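Chemist: Below are the structure tokens for one structure; questions will follow.
The values are calculated or read from the model by the stated rules, or taken from the named source; none is laboratory data. A quick note: this is a predicted structure, and the numbers were derived from the prediction, not measured. Here the Cβ is made from the backbone with ideal geometry for all residues, glycine too, and neighbour counts use every protein chain on show.
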Amino acid sequence: MDSLFWKANWEKPTDEEFFSKIQAITSQPSWILCGNYTRSRHLIDPQCDTLIWLDYPFPLVMSRLLRRTVFRGRKHQLLWGHCRETIWTAFAGKDAIIWYTIRYRKRLKLALEPIFADPQPGKIHLRFTHPSQTERWLHALRYTQNGKIER
């Protein structure tokens with residue numbers, strides 16, 4: 001989702017620009033989107049058959065985020081082919097990933113808890129609260145000839 005959202009040099013797109021990219025993807029026969037852009041849920045949720053929520057403990061999320069951010073910042077790593085993360089962009093400003101994650105986490109949890117508590121019929125809702133749960137699920141997957149996931 002980050003690669004669909006961010007334009008060069010961390011410029012934000014209009015909703016129209018962002019939503020058209022999502023619609024192009026979700027109109028395909030099969031697709032996977034990874035991210036938490038609540039502004040686009042109205043486009044994604046009706047089209048998906050499975051929702052996966054990685055609801056990991058906050059200390060784990062922050063430690064991984066800090067480690068990844070410092071690595072990318074030190075290396076001036078190119079993200080999505082058009083943005084570079086720096087230590088400055090990670091910590092400075094209201095959109096800095098560190099502060100955004102701290103602010104957004106509670107709001108995301110409040111939005112997702114009712115969805116996962118009362119899943120829509122015909123949709124699969126998977127909530128993993130620890131990476132070991134996710135790993136066990138991934139290792140248990142078996143693919144049928146038509147590409148559907150068997151659990």
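Chemist: Regarding the range 110-117, can at least one residue be identified that is within 25 Å of S20 (Cβ to Cβ), small (G, A, S) and assigned to a helix (DSSP H, G or I)?
Modeler: Yes, the range 110-117 contains at least one residue that is within 25 Å of S20 (Cβ to Cβ), small (G, A, S) and assigned to a helix (DSSP H, G or I).
Chemist: Could you identify the single residue in R103, R136 that is assigned to a helix (DSSP H, G or I), under 17 Å from the mean Cα position of the chain (by Cα), at pLDDT below 90 and basic (K, R)?
Modeler: R103
Chemist: Exposed (fewer than 14 other Cβ atoms within 10 Å of the Cβ) and among the β-branched types (V, I, T) - does that describe any residue in the range 105-115?
Modeler: The answer is no; no qualifying residue exists.
Chemist: Looking at the range 1-29, I want the residues that are assigned to a loop (DSSP other than H, G, I, E, B) and have a partner that is exposed (fewer than 10 other Cβ atoms within 10 Å of the Cβ) with Cβ atoms under 8 Å, at least 6 apart or on another chain. Which pairs are those?
Modeler: M1/C34
Chemist: Only one residue in L65, L33, L4, L51 is surrounded by 15 or more Cβ atoms within 10 Å (Cβ to Cβ), of a type in the set (A, V, I, L, M, F, W, C) and touching a strand residue (DSSP E or B) at 6+ places or on another chain (Cβ under 7 Å), so which one is that?
Modeler: L51
Chemist: Sticking with this structure for a sec: Restrict the check to the range 36-45 and report whether at least one residue is over 20 Å from I98 (Cβ atoms), in contact with a Lys or Arg (Cβ under 9 Å, 6 or more places away or on another chain) and not β-branched (V, I, T).
Modeler: yes
Chemist: Considering only the range 76-86, state which residues are surrounded by 11 or more Cβ atoms within 10 Å (Cβ to Cβ), of a type outside the set (D, E) and not in a strand (DSSP E or B).
Modeler: Q77, W80, H82, T86
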